[in-house]
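Here's the structure we're looking at; comments come further down.
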Amino acid sequence: MTKKFKFINNQSKKEFLALPDVIQKRFANDLNAICQDREPFSKFKHLKDSVGIGAVELVENGRPAYRTVYVAKFADTVFILHSFTKTTNGVDRKAMDTAKKRYKLMMKEIKK
């Protein structure tokens, strides 16, 4: 069964489109695989504790590093919550806070 694909809001779409083309294409391929119930090609990390149940971060390391946070657990939809450039080691608290706020927004939308 193929899942739908949806940005949680206009800002999450702008963030994704602001990623470098090569990263966008890589993450788009990952998201396409996820929509088809397959594993992403990129490295990924579950964010259950920092964002919410079902939240996953696609990881592209380097200088700088890039991330896209998505949820594919609900409503037969892959929700893109946040995409960002990571320039520091460790957890990017601001990015995780943004993802967590958008996770709450997603949960409200699902319950409608």
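Numerical summary
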{"item": "Residue that is nearest to the chain's Cα centre (by Cα) [pool: residues in region 56-112 that are small (G, A, S) and surrounded by 13 or more Cβ atoms within 10 Å (Cβ to Cβ)]", "result": "S83"}
{"item": "Residue count, region 31-44 (criterion: of a type outside the set (S, T, N, Q), surrounded by 13 or more Cβ atoms within 10 Å (Cβ to Cβ) and in contact with an Asp or Glu (Cβ under 9 Å, 6 or more places away or on another chain))", "result": "4"}
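Laboratory data are not the source of any read-out in this text; all were calculated from the coordinates shown. Quick caveat: nothing in here was measured; it's all calculated off a predicted structure. Because the Cβ atoms are built from the backbone with ideal geometry, glycine has one as well, and the counts that use them run over all protein chains shown.
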